[in-house]
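Below: one structure, written as structure tokens.
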Amino acid sequence: MALAFNEETFREDYTYRNSLSGIKRFPFPFPEDQYMYSVNIEPHTKGKQGSVFEFPLDVDEHYVAECNDKKITLEQDPGRYQALPHMMDAQWDFVELTMESLARDYPKHFSLHKKGSSWTWENKPLGIKDTFTFGDSSTLPMEPFEYMGRQVQGDFVLLDQRDETLYADAGIVTSQADWSLAFNVGMSWREWHGPVPRATELGVMDRALKFMLNLQLGSPVRRLNWTMTVNPRLDTSPENYPYWGGDRNAVNPDNVGDLVNLRVELQSLFRLPRSNAIVFSIRCYLISLKDIATIPRWAKRLHRVQKSMHPDLIEYKGMTKFHPMMVDWLAKFDDGAILEVGTQPE
Amino acid sequence: MSTINVKIAAIKQVTPLIKHFTFVKEDGSEFPAFSGGSHVVVSLNIGGRVHRNPYSLMGSPTDTSAYHISVRKQEQSRGGSVFMHDYVAVGMSFKITYPVNLFSLAKKGHKHILIAGGIGITPFMSQIADLKRTGADFELHYAFRSPEHGAFAAQLAKVCGDKFHCYIDSEGDRLDLQALLGNQPLGTHMYVCGPGSMVVAVLETARNLGWPESHIHSEQFLAPPIGEPFKIQLEKSKIEIQVPAEMSMLEAIEAAGVGSRFSMSRRCMWAL
């Protein structure tokens, strides 16, 4: 099926919107009334048709607008793309993974033809067509990881595995929830995750690392992470805090339903073949409280989750300023009915 | 865990004790590329019992048309290598895992010293292809019993040129570990794969010379020892299982038909 791509923005006038089917396929992350930090990793296997889990890399109605937003962020700050020299094999692995996935799963929009190491890639939505030599960076207009990183939704970090840990040695990061690639590049797993409250003491990060070190080629995994954000903005980076941090002050009881968005990250991890590195993909989905309220089950659930949130997590997720307003706004959709476990809309 | 259906496309006797097997995919498609030092786990159904044996991939990691392994025949084995040598024929089908790498090259290493003993040469075959492709600085030191046991020596001499050093025991050649490891530039990584006694000697020498652990990499070839039979109780399934001497606990659980979600991670444990 051919996708229709929205014309929309993720900054300034924020014309980003979800269609009715976009709302229905939203990866709502709360199966229960109470939220508890957990690693919640599952195999990244083929999900239901039309769901965000249908294919390894999900392309949706926001694809073109999101790639354009990524381009703007990279123009303003080229440091959002970084790759250490020993990651070149992993860069090509990334090219193979993304081109093969998109061409196989969205043949109306993307195609890949190989003649030995001469590859021809066509991206119709973005109007790109290039023939290059696989493995030879000089035949692409930029480094291979950046080239394809600009043509897929979401952020990507390439993790090198050595000394029994993982190092974030390359990344293209333009839609991060308040973390910085420039700050994290070259860091080990433990350095990177040091600040997560309640996670270190639960031993969660050590177990997750152990799991990831054993990640197998051909058996990718995924998890959902979430936060709440003001405005459907992708680039909520610490570098640009002055442009978005103040938005939290604009939230009032009348506009909270429009301004506050649930931001869900579909995080997936793939072992890469040539480099034995891991690609960590962080795909961001945004939905306003108002759109959530069109799904009664989700509105009730979100109300209960937020009402019972641990104060440390409210602070860590940057929700302190608008959290009480959000809970109040959601309360009017919650009749107290018992909800079965599960994230389904109906 | 995802598996790949393969069949044997060719078998070649390389030395009196080593056979080389070429796998192709049953559906004729290409294999995934892999990284130097990777192995696959081959499932062998021997008399109704599934053995899972890991073997290093020996071909070039960029050649995705076929996978190559070599197997040394071990009379004292639990059956895997004997089965591979005596019963496996061209055209037979197997399930293998995707490549797994527990012996990867340190990509940031300035220099790489590879030390192989006997059949321990196999993981280095693919590593050498990676090192040559990236133009890395390396040396290969290959020790074996006698000329007829030097599988791949001629081929490696050609590929590695003056980086190749070989030591034939029957001709009195000895690898002087002290001299080799005692005089390497900062940032050198060392990799050893071979019989247990050799691996231990190399590791001890390196540690005594003050090599940092992070720069020492090893993989050992040893058959899981045959132990004493024992019984286990499975709490959830409420059943008792007899584990025979030559079976692992996991194998016995699987043989009893109890689903196990155990994923293979046999660091340094190579069944032969």
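Computed from the coordinates by the stated procedures, all read-outs in this text should not be read as laboratory data. Remember, predicted model here, so these are calculated numbers, not experimental data. Glycine gets a Cβ as well: all are built from the backbone with ideal geometry, and neighbour counts include every protein chain shown.
For the range A:114-175, just say rounded, prolate or oblate: build the C-alpha gyration tensor, square-root its eigenvalues into a ≥ b ≥ c, call rounded for a/c under 1.5, and beyond that prolate if a/b exceeds b/c, oblate if not.
The shape class here is oblate.
Under 5 Å between amide H atoms, partner at least 5 residues away or on a different chain: which partners does B:Glu26 have, H built in plane at 1.01 Å?
Residues meeting the criterion, in which the H sits 1.01 Å from N, are B:Asn5, B:Val6, B:Lys7.
What lysines does B:Lys158 reach when the alpha-carbon gap must be under 22 Å and sequence neighbours fewer than 8 apart in one chain are set aside?
Within reach: B:Lys12, B:Lys19, B:Lys111, B:Lys132.
For the range A:49-104, just say rounded, prolate or oblate: build the C-alpha gyration tensor, square-root its eigenvalues into a ≥ b ≥ c, call rounded for a/c under 1.5, and beyond that prolate if a/b exceeds b/c, oblate if not.
Verdict is oblate for the range A:49-104.
Return, for the Cα atoms of the range B:3-97, the radius of gyration and Dmax in Å, separated by a comma.
So, for the range B:3-97, Rg and Dmax equal 12.6, 37 Å respectively.
Once you treat every alpha carbon in the range A:199-346 as an equal point and sum by Debye, what is log10 I(q)/I(0) at q = 0.12, 0.15, 0.20 Å⁻¹?
-0.63, -0.92, -1.26
Quick check for the range A:46-187: number of Lys pairs with alpha-carbon distance under 16 Å, counting only pairs 8 or more apart or on different chains?
4
In the range B:1-110, which GluC sites (Glu not before Pro) fall in coil by DSSP and have 10 or fewer other Cβ atoms within 10 Å? Write out the running numbers ahead of the final one.
On the way: sites: B:Glu26, B:Glu30, B:Glu75; in loops: B:Glu26, B:Glu30, B:Glu75.
Loop-located and lightly packed - B:Glu75.
Please quote Rg/Rh for the range A:20-331 to two decimal places, taking the Kirkwood radius as Rh and restricting both calculations to Cα atoms.
Values: Rg = 19.5 Å, Rh = 20.4 Å.
Ratio of gyration radius to Kirkwood radius: 0.96.
Using the alpha carbons of the range B:105-145, what is the convex hull volume per residue in cubic angstrom, as a whole number?
So the per-residue Cα hull volume is 56 Å³.
Looking at the square roots a ≥ b ≥ c of the eigenvalues of the Cα gyration tensor of the range B:111-221, which shape do they give, rounded for a/c under 1.5, prolate if a/b is larger than b/c, or oblate?
oblate
Could you run the Karplus curve 6.51 cos²θ - 1.76 cosθ + 1.60 with θ = phi - 60° over the range A:239-244 and give me ³J(HN,Hα) per residue in whole Hz, x for Gly and Pro?
Calculated HN-Hα couplings, in order: 4, 9, 3, x, 7, 10 Hz.
Would you calculate, for the protein assembly as shown, the mean residue ellipticity at 222 nm contributed by helices, counting each DSSP H stretch of 4 or more residues as -39,500 (n - 2.57) and dividing by all residues, to the nearest 500? If you can, show how the numbers build up before the last one.
Working: 20 runs with 157 residues, N = 618.
Rounded to the nearest 500, it is -6500 deg cm²/dmol.
What number, in nm² with one decimal, is the all-direction average of the projected area of the convex hull of the alpha-carbon atoms of the protein assembly as shown?
Average of the hull's projected areas for the protein assembly as shown equals 30.9 nm².
Convert each backbone phi in the range B:95-102 into a coupling constant with the Karplus relation 6.51 cos²θ - 1.76 cosθ + 1.60 (shift: θ = phi - 60°), then list the ³J(HN,Hα) values in order as whole Hz, x for Gly and Pro.
Calculated HN-Hα couplings, in order: 10, 10, 7, 5, x, 10, 10, 10 Hz.
Whole-Hz ³J(HN,Hα) for each residue in the range B:110-118, computed from phi via Karplus 6.51 cos²θ - 1.76 cosθ + 1.60 with θ = phi - 60°, x for glycine and proline: what do you get?
7, 8, 10, 9, 9, 10, 10, x, x
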